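Comments concern the structure below.
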Amino acid sequence: APVIPVLIIERLADAEPLARALSAGGLPVLEVTMRTPVALDAIRAMRDAVPEAVVGVGTLTRPADFAAAQAAGAQFGVSPGLTPE
């Protein structure tokens, strides 16, 4: 992908149309930040609506974040660094 949009999804209802529009516009790789309570649900909605898109999550900072992202269907994760934990 030429650019990976980093998205802050505040309203779950925005996830599907945003994923469709970005993918149709040539941006098939999307990163949803973990900054809002609907982030994980937004990932699920985007994956369901646009299966050809690659939807990931950032910023993962705790072990529980990795598990939650995987359960939500994130296809990649972004982290500022990792510890042995």
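The values are calculated or read from the model by the stated rules, or taken from the named source; none is laboratory data. All values reported here derive from a predicted model rather than from experimental measurement. In this analysis, Cβ positions are derived from the backbone assuming ideal geometry, glycine residues included, and neighbour counts consider all displayed protein chains. Accessible surface is based on the protein model in full, side chains and every heavy atom, while ligands, DNA and RNA are left aside. Shrake-Rupley method; radii C 1.70, N 1.55, O 1.52, S 1.80 Å.
Counting only residues that are in a loop (DSSP other than H, G, I, E, B) and closer than 13 Å to PHE76 by Cα, the range 49-62 holds 3 of them.
Of all residues in the range 19-48, those satisfying the criterion of being open to solvent by less than 60 Å² (accessible area, probe 1.4 Å), touching a strand residue (DSSP E or B) at 6+ places or on another chain (Cβ under 7 Å) and part of a helix (DSSP H, G or I) are ALA19, LEU22, ALA39, ALA42, ILE43, MET46. When the residues of the range 1-18 are filtered to those that are assigned to a loop (DSSP other than H, G, I, E, B) and open to solvent by 40 Å² or more (accessible area, probe 1.4 Å), the one that is nearest to PHE76 (Cα to Cα) is ILE4.
Among the residues making up the range 66-85, those that are outside any loop (DSSP other than H, G, I, E, B), closer than 23 Å to PRO28 by Cα and open to solvent by less than 80 Å² (accessible area, probe 1.4 Å) are ALA68, ALA69, ALA71, ALA72, GLY77, VAL78.
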